[in-house]
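What follows is a single structure, written as structure tokens, with notes after it.
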Amino acid sequence: MFTGIVEELGEVVYLTDAGGDSAVLAVRGPVVTSDARHGDSISVNGVCLTVIDNVDGVFTADVMGESLRRSSLGALTAGSQVNLERAATVGSRLGGHLVQGHVDGVARIVAREPADEWEVLRFSLPPELSRYVVEKGSITVDGVSLTVMAVTADTFDVGLIPTTLKLTVLGGKAVGDPVNLEVDVIAKYVEKMLGERS
């Protein structure tokens, strides 16, 4: 479980095909690797990955075909920056919202509207996810917990403060770039429970 509060920008060292519909990803991240052990979870652009090795500030993780198909991780190359967050611990602050690290779909940046100190980003909204996205609700974009400012049938807007622009990959993304989306899991559970009652 994560909170959607990015701890650092990491750098991809390599992403290699491991055969059998999988890959191995190596990422440099001195903060998240400072106490990482084999089996720990680290969110990479919103995808929960399991540490298999940690040497000199670089951790490696297996990426299964399901993760490659449902996320934008397969497009990473050496030198790509990624958002990193260690799993939350019992008693840690919940600065964002409950984030599982299970990507629901990939969207694209439709527009960027800069203001004096902040910026509004508009993203495409996959049809199968639109029912879970509401104004003032929470959504995770590339592992960043954000509040939805506005939503239409096929887009949603978020506002990024200077800190988010500076300390996450969203600050450097361009129109057309893909992002990983995770909708609020509570909305999915509510839908399931209401569906079972009818």
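The values are calculated or read from the model by the stated rules, or taken from the named source; none is laboratory data. No experiment lies behind these values; they were computed from the predicted model shown. Here the Cβ is made from the backbone with ideal geometry for all residues, glycine too, and neighbour counts use every protein chain on show. Ligands, DNA and RNA are stripped out before the accessible areas are found, and what is left, the full protein with its side chains, is counted by its heavy atoms. Shrake-Rupley method; radii C 1.70, N 1.55, O 1.52, S 1.80 Å.
Here the stretch 81-96 is the region considered, the condition is being modelled with pLDDT under 95 and either in contact with a Gly (Cβ under 6 Å, 6 or more places away or on another chain) or open to solvent by 50 Å² or more (accessible area, probe 1.4 Å) (or both), and the residue that is nearest to Asp184 (Cα to Cα) is Gly96. Out of everything in the stretch 161-196 that is assigned to a strand (DSSP E or B) and out of contact with any Phe, Trp or Tyr (no Cβ under 6 Å at 6 or more places or on another chain), what residue ends up being surrounded by the fewest Cβ atoms within 10 Å (Cβ to Cβ)? Across the stretch 161-196, the extreme among qualifying residues is Pro178. Those strands (runs of 3 or more DSSP E) of the stretch 105-148 in which at least 1 residues are open to solvent by less than 80 Å² (accessible area, probe 1.4 Å), over 19 Å from Gly4 (Cα atoms) and modelled with pLDDT of 95 or more, considering only elements entirely within it, cover 105-114, 119-124. When Val12 is tested against (1) closer than 26 Å to Gly172 by Cβ; (2) modelled with pLDDT under 95, just one condition goes unmet, and that condition is (2). On inspection, Ser67 qualifies as in contact with a strand residue (DSSP E or B) (Cβ under 6 Å, 6 or more places away or on another chain), under 30 Å from Glu128 (Cβ atoms), outside any strand (DSSP E or B) and not charged (D, E, K, R). Looking across the stretch 46-80, the residues that are touching a helix residue (DSSP H, G or I) at 6+ places or on another chain (Cβ under 7 Å) and open to solvent by less than 30 Å² (accessible area, probe 1.4 Å) come down to Val47, Val63, Leu73. Return a yes/no flag: does the stretch 87-96 have any residue that is over 15 Å from Val148 (Cβ atoms) and in contact with a helix residue (DSSP H, G or I) (Cβ under 8 Å, 6 or more places away or on another chain). No, the stretch 87-96 contains no residue that is over 15 Å from Val148 (Cβ atoms) and in contact with a helix residue (DSSP H, G or I) (Cβ under 8 Å, 6 or more places away or on another chain).
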